[in-house]
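The values are calculated or read from the model by the stated rules, or taken from the named source; none is laboratory data. Everything quoted here is computed from the prediction, not taken from an experiment. Please note: Cβ atoms are built from the backbone with ideal geometry, for glycine as well, and neighbour counts cover all protein chains shown. When the accessible area is computed, the model is the full protein with side chains, heavy atoms only, and any ligands, DNA or RNA have been set aside. Shrake-Rupley method; radii C 1.70, N 1.55, O 1.52, S 1.80 Å.
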Amino acid sequence: NNGITGDIAEVTVYDAILTAAERSRIQSYLAIKYGITLDQTTATNYVRSDGTSIYSATTFAGYLSDVAGIGRDDNSGLSQTTSTSQNANSVVTISAPSPLDANNEFLVWGSNNGSLTVPSTSGLPTGILRKLSRVWRVAETGDVGTVTVAMDLTAVPGAKTASHLRLLVDPDGFGTGTAATQYS
């Protein structure tokens with residue numbers, strides 16, 4: 001008696017009741033394929049088809065918003081070479097892994113859901129005046145090679161000049177701090 005209004009991207013049918021582990025693998029596959037952030041009411045890892053974690057909800061606690069990923073999993077038929085979270089204002093798109101030629105290679109990222117409108121001004125590297133309060137963590141399984149990172153800054157207020165923007169990469173994973181490597 002309940003209808004659905006909208007598009008259905010994919011339908012999977014099974015001839016048995018799935019275990020929790022099987023559901024987790026399927027949900028992770030769909031989440032990576034379509035840029036859907038899994039519900040984290042209960043900490044939920046993103047896993048590949050063999051059940052191995054590719055983005056741990058424990059390790060990356062605090063970075064479980066706007067989760068997306070690229071990767072290859074031959075067992076599930078997944079070959080995802082471009083991804084962005086489907087959440088509004090997710091900002092980051094990663095694409096063009098070179099090479100993504102081996103099974104079970106993944107690059108998965110998530111944000112702390114920090115503000116895009118209130119900048120951080122403390123602990124900045126030399127030459128940086130302010131940074132987004134939103135921070136991303138990345139997990140790589142295998143070696144996806146080089147990638148292209150694109151940022152949609154439309155939700156960030158104010159004028160933006162490309163020559164003034166920098167990508168800050170933290171060498172130790174504890175916040176960008178003064179030791180961050182800067183990329184133009």
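Per the conditions (1) open to solvent by less than 60 Å² (accessible area, probe 1.4 Å); (2) within 15 Å of Gly142 (Cβ to Cβ), the sole criterion not satisfied by Ser83 is (2). Scanning segment 149-184 for residues that are over 17 Å from the mean Cα position of the chain (by Cα), open to solvent by 40 Å² or more (accessible area, probe 1.4 Å), within 29 Å of Glu105 (Cβ to Cβ) and of a type in the set (Val, Ile, Thr) yields one hit, Thr181.
Of all residues in segment 11-21, exactly one satisfies the criterion of being open to solvent by less than 60 Å² (accessible area, probe 1.4 Å) and either in contact with a helix residue (DSSP H, G or I) (Cβ under 6 Å, 6 or more places away or on another chain) or part of a loop (DSSP other than H, G, I, E, B) (or both), namely Leu18.
Being open to solvent by 70 Å² or more (accessible area, probe 1.4 Å), modelled with pLDDT of 90 or more and of a type outside the set (D, E, K, R) holds for only one residue in Thr146, Thr141, and it is Thr146. Among the residues making up segment 22-55, a single one is part of a helix (DSSP H, G or I), farther than 20 Å from Val92 by Cα and either among the β-branched types (Val, Ile, Thr) or at pLDDT below 95 (or both): Ile26. Can you name the residue in segment 114-136 that is open to solvent by less than 80 Å² (accessible area, probe 1.4 Å), among the hydrophobic types (A, V, I, L, M, F, W, C) and assigned to a loop (DSSP other than H, G, I, E, B) and, of all such residues, is modelled with the lowest pLDDT? So, considering only residues that are open to solvent by less than 80 Å² (accessible area, probe 1.4 Å), among the hydrophobic types (A, V, I, L, M, F, W, C) and assigned to a loop (DSSP other than H, G, I, E, B), the one modelled with the lowest pLDDT is Leu124. Scan segment 97-109 and tell me whether some residue there is open to solvent by less than 30 Å² (accessible area, probe 1.4 Å) and either free of Cβ contacts under 8 Å to residues at least 40 places away in the same chain or small (Gly, Ala, Ser) (or both). Yes, some residue in segment 97-109 is open to solvent by less than 30 Å² (accessible area, probe 1.4 Å) and either free of Cβ contacts under 8 Å to residues at least 40 places away in the same chain or small (Gly, Ala, Ser) (or both).
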